[in-house]
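To start, the structure itself, in structure tokens.
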Amino acid sequence: MDKRTTAVLLVTAAVRLSIAATAPLFPDETYFWDWSRRLASGYFDHPPLVAWMIRAGTALFGDTALGVRFVPVVAGVVGTVFIAAAARRLSGDRAALVAAVVFAVMPLSAAGLVLAMPDAGLFASVAAVLYCVVRMLDQPAGSRASLAWWCLMGAAQGLAFWAKYTAVLVPAGLGIALMSRVDWRPRLREAGPYVAIVVASLVFLPVLVWNARHDWASFEFQLRHGLTSSGGSILQRESELVGGQLALASPILFVMMCLAIAHAIAYRLRPHVASLFSVVAFFAFAFFVYSATKRRPEANWPAVAYAPAVLVLAAHTRSLHTRSLRWDRWLTAGIAVAGGITLVMYLNIFVPFLPVPARRDPSARASGWGDLAREVQAVPSSRFIAGNRYQEASELAFQLPGHPQTLSLNIDSRPNQYDLWPSFAERAERGDTLIFVADDRGDGIDPVVSALTPHFADVGHGRPVSLARRGDVVKYLRIWTLIGWRGTWPTPSLRSRQ
């Protein structure tokens, strides 16, 4: 690794750690933090790696924003090191520098590799897989060195399965790519690929066991979440998918990655490994194009495709012998635009200046939770505090003094991990009080509270509480006090809704 690439990696790490330590936690992050207090080999929404990463960080820095995000940030930097090292072996120091800079400035990585989300662990693991592929293909087929890299690849792939189930797209894409060229097919006749499958399966086994013991809840949720038909316009969903990539990768860099992948596939770009990675990236993104025919995609879903895509971009940039000056100018412009978007995104977190109402600004979703916790703290104490959704439950758990165990009732909202933990009805005794936070419905009767009212002797509520960023309201919530539990609960049970 040359000095310029090392400098980019160090500066990237310093900037991301600074943001991680000072930006407030988003509800999804506090949700995963709450997982980390009950470590397991699986959870309802995702595999468990993000919880274990958060637990390691909070063991070092406590239950703080830096503690929650520290290991995900480090994982993002480590992943970039693997990508830069792979690019260097493919095409030299300049390719390594391009890969490091692109991952430093892309909005997708600038946000996704700072926040405590599953994508950080996925990226680091997939990057390690791709590096192992490069090293394996440098060795003679069937050699001990080749087998060793296959084994390491299997271990990294197993860890990727601990991060996100979409990691399966990487070995699937690699298999297709290896079968697509005569000179790569001998690799499928050696023992390595099958040893790698065994190693990956052994690493993944605890997650499989957890799912088997919980009626395959996590697998079922993810399959329904990504592939169940939801109706609506397919064209609109596909447009949203592409629009999300233009925003998260930046328009110029996304187009350049697509061009590099197309060139590698159509013209068999040398070195061969770059052509292989182009198939992996294309296959992964094509899967989410298909997913968008079923339901509305989230912009970060294709993130698994970007590690191989950036490798192809870096190798393509180095391999050009004609029109290289024009390509370099576009690459410089793409990096500048991506860096500008990232800078605006970072600044807007701390000093909101974009002309976007807080309720429509994703960065505002972390605002106001401390104020809500103070209002809840002022209510006469109860050992049971609940939100109707995981967002309220986990933010209250993080923000309240002593970090109490909170509940998410999930009435009229999607099931989540709180459904698998002991519920209020399983923990409470007759006569107990429940402090409950739900969306404020104005002057009307909240249907969720209406469902709970028959099961308590008395119901009272305080004034609405606003989640606001500098006076600009994101949303209103209301605190309800449900007194004197009668020992019954709404039916059907919440868990039957999974």
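Each reported figure results from applying straightforward, stated rules to the coordinates on display, with no laboratory input. These figures come from a predicted structure and were not determined experimentally. Every residue, glycine among them, receives a Cβ derived from its backbone with ideal geometry; neighbour counts consider all protein chains shown.
Quick rundown of the values:
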read-out	value
Residues 466, 324, sorted so that the one with the fewest Cβ neighbours within 10 Å comes first	324, 466
Neighbour-count ranking [beta-carbon atoms within 10 angstrom, fewest first] of 119, 93	93, 119
Student exercise, the chain dipole from Lys, Arg, Asp, Glu Cβ charges, in Debye to nearest 20	1480
Inter-probe distance in nm under a simple model that places probes 7 Å from Cα toward Cβ, at residue 333 and residue 441	5.3
Computed lengthening from residue 10 to residue 141, 0.36 nm per intervening residue step minus Cα-Cα distance	43.5 nm
Residue 22-residue 430 FRET efficiency (beta carbon distance; Förster radius 56 Å; 0.05 resolution)	0.75
Net length gained if the chain between residue 472 and residue 215 were fully extended (0.36 nm per residue, minus Cα distance)	88.2 nm
Distance-filtered residues of the range 6-41 - backbone nitrogen under 19 Å, label point 7 angstrom along residue 403 Cα→Cβ	20-41
Ascending count of other beta-carbon atoms within 10 Å, so fewest first, for 164, 3, 294	3, 294, 164
Cα-centred dipole magnitude for the range 8-84, charges only on beta-carbon of K, R (+1) and D, E (-1), debye, nearest 20	180
Partners for residue 164 among aspartates and glutamates (Cα-Cα distance below 19 Å; same-chain residues under 8 apart left out)	28, 29, 34, 45, 119, 215, 220, 298
Filtered trypsin sites (Lys or Arg not before Pro), the range 337-388: DSSP coil and at most 14 other beta carbons within 10 Å	383
Contact order relative to length of the chain, as percent, for alpha carbon pairs under 8 angstrom and 6 or more apart	15
The range 66-207, relative contact order [Cα under 8 Å, separation at least 6], %	23
Lys/Arg +1, Asp/Glu -1 at C-beta; the chain dipole; positive extreme among 145, 109, 442	145
[x] 121, 64, 36; [y] 159, 136, 63; [z] 77, 49, 47, with the label sought being that of the calculated Cα extents along the principal axes in Å	[z]
MRE, 222 nm, helices only [DSSP H, n ≥ 4, -39500 (n - 2.57), over the chain, to nearest 500]	-19500 deg cm²/dmol
Cross-link reach list, aspartates and glutamates versus residue 3, counting only Cα pairs under 19 Å and skipping chain neighbours closer than eight places	93
